[in-house]
Every structure is written in structure tokens, then in C-alpha cells.
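Readers should treat all values here as calculations from the given coordinates under stated rules, not as data from a laboratory. Keep in mind that what you see is a predicted model, and the values were worked out from it rather than measured. Here Cβ is always computed from backbone atoms with ideal geometry, including for glycine, and neighbour counts include all displayed protein chains.
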Amino acid sequence: MPSPNAESTAFRSALEVIRAVEPRVADAIGAELADQRESLKLIASENYASPATLLAMGNWFSDKYAEGTVGRRFYAGCQNVDTVEALAAEHAKELFGAAHAYVQPHSGIDANLVAFWAVLADRVEAPALKKAQVRQVNDLTEQDWFTLRRELGNQRMLGMSLDAGGHLTHGFRPNISGKMFDQRSYGTDPVTGLVDYDKVAEAAREFKPMILVAGYSAYPRKVNFRIMREIADSVGATFMVDMAHFAGLVAGKVFTGDFDPVPHAHIVTTTTHKSLRGPRGGMVLCGPELADQVDRGCPMVLGGPLPHVMAAKAVALAEARRPDFAGYAQRVVDNAQALAEGLLRRGAKLVTGGTDNHLVLIDVAGYGLTGRQAEQALLDSGIVTNRNSVPQDPNGAWYTSGIRIGTPALTTRGLGVAEMDATAELIHTVLGRTTPGSNTDGTPSKAKYVLDPALADKVSRQATDLLSAFPLYPSITLA
Ligand code: PLP
């Protein structure tokens, strides 16, 4: 354990040094802590990393170039970077039971790109790939991409549809994966809201994907990865799981057996900053067959690694290997279920009728609102969430009909099931008292809403009261 004032002293001193150069940055850092302390953070993809993880990022490792891999760098003087990269990879392998871990990706999107190119390099003709490597990806026209896809053998990706909870990087047009691959999606059952494995198998048989992707950002249930692997095998596809959202639940052994992706997938990607509670970043896990291709992530699709972030990954992964992390992961799910039950009891409509992971998707059409209106009304009331599509969403991806909420952050603060019921009450109160607004010409607006400011203020104060017993970063005082 550090000495009692060590964490406060560290952050205070850092701010003092920053303030001497650009006081507005020091002020913004201080203000961010105050804001985070006061708001009921229910963003499913966010968390609070430990002081040790945060501090591991703020140092001279940031100054070092280290292209290459451990022991095989294109720059001199990388022995200390080697130490932290090897440590992070070792912790990741032990934690997840993986044969190989690549800890350089700067984010989840980058981890997915590394994985896609590794699979392509493993499975397609080398000359076409070489051609892609020598050109700037941004310079390629639609026609170039078409030609490239054809040359590479029309590689295809089958992933979860966006409105069912899939992620942009799983072959959708706004992301480069949608240009690299011909994509088709599998949705969820219109009645239960659950993945229908027979339908996935049918789509795989028809489409014959090169990569079958599982993983999501807004699906509130477990996925059976054993069945998904069987489907992939039946059509000769590589099975990839993007566990960005639920990596903490895998690390904490809440998702085991058929629900642990690592033994079933050929390749697994993740972020490190969501339920895993590490620094912002990504990671790829795989077996020995893909390890060499994965290790070419830099320079194939990544710039030089971020040694300071790899140091922080090593710290956070060491924390996740401690026995208390399993308790945390279980509490995340218990809290999500308590939140779901609290909302259902009050009459909210939830996609799939509940949750068995860390997130809950409220269909706010049940309150007569769009996601955009609900998100803003909640924010006015000190509750930070984000709007999200629901399956077959009539309001599209901008306005949406859903609000996604998650418990990793509040659980880190120490809130438990009793506080989740109080949180459900606050959410329900705001949504139940918000009404859709109109445009200036009197037509219904999908963005404007009406909420009594006095009620928003009251809920905001109640949220702050609820949080006051669970201080964020209790060891740190900046004043
Ligand atoms: N994959 C999934 C499933 C995600 O939910 C996200 C982020 O929301 C990402 C990848 C991308 O992560 P990042 O924002 O770190 O690039």
C-alpha cells in the first residue's frame, strides 16, 4: 500500500507543474474530476481506472519510439519498453488463458484493424495485400477498394447488426472495415430480442463469410461462443470475438465455459478501458497460428506503440489478476440486474426484458420519447447516459429509441444493489416526466423536449446525495 497521502501528493504535484505552463489545462483536469465526482455515470463503456493505472501513463515513457515487438525493435534503447510490454502481455495471457497477447493497439478500433489484417494476411494471396500496404489507405477510392476486395477474393464478414447492438468496426460503412469487407449482419429475434443461432447459421451458410464476428456494444445478454465457433467451423470461417465491452466479466470469471470467448475464438480483440478498468487502449489475443501476423500490427495499421499506455495496461492487468477483481465483476452484473429489475418494476420497457451482463437497454418509446430527448433530459438531471438504437429502430442511428446504461463505473465507486434501485427511481422519474417538444412551426421534434427545470434540479441533487456516500477517488484531494 502507498503511504496515506501519496496519491493526493502525486496528483497535486502534477497539477502544480502543469499549471506553471498552461493553467487552463490544469484547471480543466481539476474540473473534470469535480464533474466526474458529481455525476451519476451510467455510460456502459466507461469506468474509473485506479490511481496507479493513471499515474503509470503520466511520464517519460511517452517520449520513446518503439516500433517492432519485444526484443526486436526498429529503434535503439527500448529495453525498458520491452519490460513493460512483456509484462502487460504476460499478465494478459495469464488473466485470459491466451497463448498470445498483443498489447500495442491504441484503441479498440485499432485492435480490430490489427485482427482483420492478420486474418487477411493469413488467408489471402500476398500480392494484393502488398499493394494495399504501399498506398496510403486514405488515398484509396471506392473503385480501388472494390478492386482490392476482388483481388483478395471478395472477403466477407458476418457480424451483428448495428441496431441489434453490433459495433461500427464490424464491417459497417462509416468504418474502414465496411470498405475492406463485403458485410452482412445477423440480427436478433424480433420477439425475444435474443441472438437466434439457427438464423446465424443460416446466414453463414448462405453468405460464406471469411470472418464471423461476435461481440457487441449494446446487447444486454450473454453470447454462446461455443455455438458461434461451431457455426464458423461449418463454413470454414475464422471466428473473431470483440469482447471490448465485457472483457472485465471474462477477466473476473463471470463469463466462463461457453460464454468465455478465449477458448472458442481464433482471435479475440478488446479495449482495456471499459469493464476491464484499465487505461484507454486495445489488445488482441490469439493462438500461435495467428501470432506472427498479429505482431505485425505496427506498422501495418498502427503507428509507434504508446509505451506509457502499455505500462498502464500492465498495472491494470495486474490489478485484474487480483482475487478482488472477480468480486468486482460479479457486482457489476448484480448491479445491472438490480437496475433492470428496478426499472421493470416501475414500468420501463427493456430490450430483451433484462440483462445478464453489465448493460441495460431502455426502449424509451415506452415513455413516448426518442433516445436523443431522453439522453438530454437525463443529462439535465445529473445522470450521464448515451442514446442507442434498439432493434429495428424506427428513429435511426442519430435520434434512436434507446438509452444504454451500464454499471461498471458506479460499481467501481462502490454503489450496490440498494443504490441501483434508487438510481432506477431517478431515471424513471425523469423519463416519466419528460414530454416531447415541438419545432417552431409546430411539428413534433425528435430532439426537443419539455422537462420542468425544478424537477431536473431536484433529481440532480438526489443523484449527488446518492453518490456522496461513495466518493470517487477518495484518496485524492486536490485543494
Ligand atoms: N469494439 C466495441 C465492441 C466497442 O464497443 C468499441 C467502443 O465503443 C470499440 C470496439 C472501439 O473502441 P475504441 O473507442 O477504443 O476505439
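Numerical summary
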| item | result |
| --- | --- |
| Ranked by how many other beta carbons lie within 10 Å on average, peptides 442-451, 411-420, 110-119, 186-195 from highest | 110-119, 411-420, 186-195, 442-451 |
| Radius of gyration, Dmax [the range 288-384; alpha carbons; angstrom] | 20.2, 53 |
| Whole-number percent relative contact order across the chain, with pairs defined as alpha carbons under 8 Å at least 6 apart | 21 |
| Karplus 3J(HN,Hα) series, Hz, for the range 308-322 with 6.51 cos²θ - 1.76 cosθ + 1.60 (x for Gly, Pro) | 5, 6, 5, 4, 5, 4, 4, 5, 5, 5, 4, 5, 5, 7, 6 |
| Potential extension, residue 233-residue 457 segment - 0.36 nm per residue separation minus Cα distance | 75.1 nm |
| Extension gain from residue 334 to residue 447, taking 0.36 nm per residue of separation minus the Cα-Cα distance | 37.4 nm |
| In sequence order, calculated HN-Hα J values of the range 57-71 (Karplus, 6.51, -1.76, 1.60; Hz; x Gly/Pro) | 8, x, 7, 6, 4, 4, 7, 9, 8, 8, 4, x, 10, 3, x |
| Estimated distance in nm for a label pair at residue 86 and residue 144, the labels positioned 7 Å out from Cα along Cα-to-Cβ | 4.0 |
| Separation of the residue 392 and residue 32 label points, Cα + 7 Å toward Cβ, nm | 4.2 |
| Exposure proxy ranking, count of Cβ atoms within 10 Å, fewest first, for 403, 427, 227 | 227, 427, 403 |
| For the chain: rounded, prolate or oblate by the Cα gyration tensor [a/c cutoff 1.5] | oblate |
| Dipole of the chain, positive end: most advanced residue of 78, 257, 224 [Cβ charges, Cα centre] | 78 |
| For residue 445, distant residues with modelled amide H under 5 Å away | 437, 438, 439 |
| Span from the the range 398-456 Cα centroid across to the the range 458-479 one, whole angstrom | 20 |
| Fewest-first ranking of 245, 91, using other Cβ atoms within 10 Å as the exposure measure | 91, 245 |
| Bridge type composition, the range 60-320 - antiparallel percent by DSSP, nearest 5 | 40 |
| Helical contribution to [θ] at 222 nm, DSSP H n ≥ 4, -39,500 (n - 2.57), averaged over the chain, rounded to 500 | -14000 deg cm²/dmol |
| Amide proton proximity set for residue 100, modelled H, under 5 Å, gap of 5+ | 286 |
| Considering only the chain, percent of DSSP beta bridges that pair antiparallel, nearest 5 | 60 |
| Residue order, fewest to most surrounding Cβ atoms within 10 angstrom, among 398, 60, 145 | 60, 398, 145 |
